[in-house]
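To start, the structure itself, in structure tokens.
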Amino acid sequence: RDGYSTYCEIPVTFPQAALGCDLEVPTIDGPYHYKLKEGTQPGDVLTIKGKGIPHVNRNNVRGDHVFKIIVEVPNNLDQKQKDILKEFETLCTDRNYQKRGSFFNKIKDLFK
């Protein structure tokens with residue numbers, strides 16, 4: 001809590017972050033159904049307006065609920081899972097990764 005706003009972290013899987021999904025976000029009023037958009041990045045901070053702490057002496061005015069997306073990387077993969085991820089990686093290009101693409105372009109520009 002900070003003032004009238006409440007905060008939490010929500011762990012999601014890589015497929016959930018990449019494809020989007022329906023999440024249950026815990027709030028002080030109970031679970032809130034939130035539609036996570038496709039391409040959500042680790043560390044993204046999202047806000048649900050009016051789901052925080054009620055203001056004192058101000059009817060129907062509340063703080064916000066803020067949550068941070070934590071992408072959980074799987075471990076203990078079996079060989080089939082590893083093979084699928086390796087195939088997925090070969091299909092991806094810089095178009096799929098904005099940060100990686102811009103980093104390599106900056107490096108290329110330095111050596112021109």
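The values are calculated or read from the model by the stated rules, or taken from the named source; none is laboratory data. Everything numeric here is computed off the predicted structure, so don't read it as measured data. Glycine gets a Cβ as well: all are built from the backbone with ideal geometry, and neighbour counts include every protein chain shown. Ligands, DNA and RNA are excluded from the accessible area calculation, which covers all protein heavy atoms including side chains. Shrake-Rupley method; radii C 1.70, N 1.55, O 1.52, S 1.80 Å.
Would you please name the residue that is most open to solvent (accessible area, probe 1.4 Å), looking only at residues in segment 54-72 that are of a type in the set (A, V, I, L, M, F, W, C) and modelled with pLDDT of 95 or more? Ranking the candidates gives I70 first.
Collect the residues in segment 49-67 that are touching a residue at least 24 places away in the same chain (Cβ under 8 Å) and not aliphatic (A, V, I, L, M), keeping them in residue-number order. Answer for segment 49-67, where residues must be touching a residue at least 24 places away in the same chain (Cβ under 8 Å) and not aliphatic (A, V, I, L, M): K51, G52, P54, H55, R62, G63, D64, H65, F67. Considering only residues of segment 1-32 that are under 16 Å from V66 (Cβ atoms) and part of a loop (DSSP other than H, G, I, E, B), which is most open to solvent (accessible area, probe 1.4 Å)? Of everything passing the filter in segment 1-32, R1 is most open to solvent (accessible area, probe 1.4 Å). Pairs linking a residue in segment 25-48 that is among the aliphatic types (A, V, I, L, M) to a residue that is in a loop (DSSP other than H, G, I, E, B), with Cβ atoms under 6 Å and 6 or more positions apart or on different chains, are L36/G20. Of the residues G39, G3, which is small (G, A, S) and under 12 Å from the mean Cα position of the chain (by Cα)? Selected residue: G39, the only one of G39, G3 that is small (G, A, S) and under 12 Å from the mean Cα position of the chain (by Cα). Pairing residues of segment 68-82 that are closer than 12 Å to L36 by Cβ with residues that are aromatic (F, W, Y), at Cβ distances under 8 Å and at least 6 apart in sequence or on separate chains, gives V71/F14.
Taken residue by residue, segment 85-99 has at least one member that is open to solvent by 80 Å² or more (accessible area, probe 1.4 Å), among the acidic types (D, E), in a helix (DSSP H, G or I) and at pLDDT 95 or above. In the set (1) part of a strand (DSSP E or B); (2) open to solvent by less than 80 Å² (accessible area, probe 1.4 Å); (3) among the charged types (D, E, K, R), K35 fails one condition alone, (2).
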